[in-house]
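A.B. asks: Here it is, the structure in full.
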Amino acid sequence: MGLQKGLGTMNTREWEVYKAQRRREDPRWTDEELPAKLVPHFRSGVRIRVANGEYVRTGKVGITTGWRPAFLLMHRSSDTGSSDVLNERDQITGVQSGRAYISPDTATAP
């Protein structure tokens, strides 16, 4: 799944560099439980819309610290302690492009 030009994504190489850095800091660090579908949105600076059956929320993808990380949906840049933990059951239903959210399926690769 690619995103429109200018929206920014974390590519595979950047993700591998990030993982290597985290493993140097703590050899126990693992990404086994991180959903791969969220990696392109991590550190992209782009807001996504996520649905999980209970609610639909929007925000940017962040990550917890520690050796067993989890992706977080940060609703606002000032959020501390009020984010949602993202998992494999969460569905990305939109990616922000301007003021609208577009379907991730219709987005094109850079």
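The values are calculated or read from the model by the stated rules, or taken from the named source; none is laboratory data. The structure displayed is predicted, hence computed values, not measured ones. Please note: Cβ atoms are built from the backbone with ideal geometry, for glycine as well, and neighbour counts cover all protein chains shown.
A.B. asks: I'd like the residue in the range 34-45 that is in a loop (DSSP other than H, G, I, E, B) and modelled with pLDDT of 90 or more and, out of all such residues, is surrounded by the fewest Cβ atoms within 10 Å (Cβ to Cβ).
C.D. replies: Pro35
A.B. asks: Return the residues of the range 71-100 that are surrounded by fewer than 16 Cβ atoms within 10 Å (Cβ to Cβ), of a type outside the set (S, T, N, Q) and either modelled with pLDDT of 90 or more or closer than 11 Å to Arg47 by Cα (or both); say none if nothing qualifies.
C.D. replies: Correct list: His75, Arg76, Val85, Glu88, Arg89, Gly98, Arg99, Ala100.
A.B. asks: Mind checking which pairs have a first residue in the range 55-78 that is in contact (Cβ under 8 Å) with a residue 40 or more places away in the chain and under 20 Å from Lys19 (Cβ atoms) and a second that is charged (D, E, K, R) and assigned to a loop (DSSP other than H, G, I, E, B), Cβ under 6 Å, 6 or more apart or different chains?
C.D. replies: Matching pairs, first to second residue: Trp67/Asp26; Trp67/Arg28.
A.B. asks: Looking at the range 51-66 only, could you name the residues that are β-branched (Val, Ile, Thr) and either closer than 16 Å to Asn87 by Cβ or surrounded by 11 or more Cβ atoms within 10 Å (Cβ to Cβ) (or both)?
C.D. replies: Listed by number, the residues that qualify are Val56, Thr58, Val61, Ile63, Thr64.
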